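Q: The following block contains the structure, expressed as structure tokens.
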Ligand SMILES: NC(=O)c1ccc[n+]([C@@H]2O[C@H](COP(=O)([O-])OP(=O)(O)OC[C@H]3O[C@@H](n4cnc5c(N)ncnc54)[C@H](OP(=O)(O)O)[C@@H]3O)[C@@H](O)[C@H]2O)c1
């Protein structure tokens, strides 16, 4: 083996040691155990589960957080080329069937789900749990300038809260959280603090990339799930938009585990390790 081959082999073994890929099998008994742990606050895996079921537990149980401590996680589903939608705004099926179920599982484990104004306007999402068993989270939209219409789907049904910097009135029953705007936008710390004060402990940020980036740049995200689906879109909004670095040595390199979910993979990043 020459030096180049040796380095490649070392790289491969280092990568596989750091990032083993585990196929996650989310059976009813694992999902029921996760929902029970969500309610009781005590999370425990069963010793009789298969390797795939244990992998599923390891993927989702960290999203429950620890004790009463507030916990913030983000999830984004993107293509091989890092896009979350087409240029024309088609975003419905970037993730595969299991990837979409993954998104709904994440919602079911959260107390509230945040989206940015672009996502709320372009996709008009309901942000409910429909593909798996579980309760709907409260919906939160960050709409600093009041661009979102009162007929937005997320404003009907479950609890809804709009984070805004403007004075805009919202429909009856929709709560507002006023946060001052600066050159950097709305302060993510004030947003999370306001949500915690309103009783939300597990906060999920669903996107898009600009919104997740604001929270990541403020170092507020505990866990990040990046789902990757094997399709190539060519252009369109990127998965994550964070402060850039000029040298790769300055890049964030979170501790990560890779899980297979049907035809998609999910990279589970612990941003606080
Ligand atoms: N595949 C997926 O998992 C997934 C998930 C969600 C969304 N998406 C896609 O993502 C695209 C939209 O993403 P995007 O990155 O362009 O936009 P976005 O994150 O949905 O929304 C960004 C906007 O939200 C407001 N905002 C959010 N956080 C803020 C903060 N801290 N301070 C100030 N303003 C804040 C701003 O609104 P103003 O400009 O009004 O000030 C900002 O321009 C859509 O195509 C959608 O389909 C994909």
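Q: For residue 248, which of the numbered conditions (1) within 13 Å of the ligand (Cβ to nearest atom); (2) under 22 Å from residue 271 (Cβ atoms) fails to hold?
A: (1)
Q: Quick one: which of 43, 74, 61 is free of Cβ contacts under 8 Å to residues at least 24 places away in the same chain, under 21 Å from residue 136 (Cα atoms) and either within 16 Å of the ligand (Cβ to nearest atom) or more than 13 Å from the chain's Cα centre (by Cα) (or both)?
A: After ruling out the rest, the residue left standing is 43.
Q: Please determine, by comparing only the residues of the range 92-127 that are within 14 Å of residue 209 (Cα to Cα) and under 12 Å from the mean Cα position of the chain (by Cα), which one is nearest to the ligand (Cβ to nearest atom).
A: For the range 92-127, the residue satisfying everything is 115.
Q: Among the candidates 89, 146, single out the residue that is outside any strand (DSSP E or B), under 22 Å from residue 190 (Cα atoms), within 13 Å of the ligand (Cβ to nearest atom) and more than 18 Å from the chain's Cα centre (by Cα). I'd like the intermediate steps shown before the answer.
A: Details: 89 fails: under 22 Å from residue 190 (Cα atoms).
Just one listed residue meets the conditions, 146.
Q: Is at least one residue of the range 195-212 more than 21 Å from residue 89 (Cα to Cα), at pLDDT 95 or above and near the ligand (Cβ under 9 Å from one of its atoms)?
A: Within the range 195-212, the subset more than 21 Å from residue 89 (Cα to Cα) is 195-204.
Adding the requirement that they be at pLDDT 95 or above leaves 195-204.
Checking which are near the ligand (Cβ under 9 Å from one of its atoms) leaves us with none.
Looking through the range 195-212, none of the residues is more than 21 Å from residue 89 (Cα to Cα), at pLDDT 95 or above and near the ligand (Cβ under 9 Å from one of its atoms).
Q: Can you give me the number of residues within the range 43-86 that are surrounded by 18 or more Cβ atoms within 10 Å (Cβ to Cβ), part of a loop (DSSP other than H, G, I, E, B) and in contact with a strand residue (DSSP E or B) (Cβ under 6 Å, 6 or more places away or on another chain)?
A: 2
Q: Can you pull out every residue in the range 213-223 that is away from the ligand (no atom under 12 Å from the Cβ) and either surrounded by 21 or more Cβ atoms within 10 Å (Cβ to Cβ) or within 11 Å of the chain's Cα centre (by Cα) (or both)?
A: Within the range 213-223, the subset away from the ligand (no atom under 12 Å from the Cβ) is 219, 221-223.
Once the filter is applied, which keeps residues that are away from the ligand (no atom under 12 Å from the Cβ) and either surrounded by 21 or more Cβ atoms within 10 Å (Cβ to Cβ) or within 11 Å of the chain's Cα centre (by Cα) (or both), the range 213-223 yields 221, 222, 223.
Q: Now a separate question. With (1) under 21 Å from residue 188 (Cβ atoms); (2) at pLDDT 95 or above as the list, and residue 240 as the residue in question, which single condition is left unmet?
A: Here residue 240 meets the rest and fails (2).
Q: Same structure again: So, of the residues in the range 181-194 that are within 10 Å of the ligand (Cβ to nearest atom) and touching a strand residue (DSSP E or B) at 6+ places or on another chain (Cβ under 8 Å), which turns out to be farthest from residue 86 (Cα to Cα)?
A: Selected residue: 191.
The values are calculated or read from the model by the stated rules, or taken from the named source; none is laboratory data. Predicted, not measured: the structure shown is a model, and the values here were computed from it. Glycine also receives a Cβ, built like all others from the backbone with ideal geometry; neighbour counts cover every protein chain displayed.
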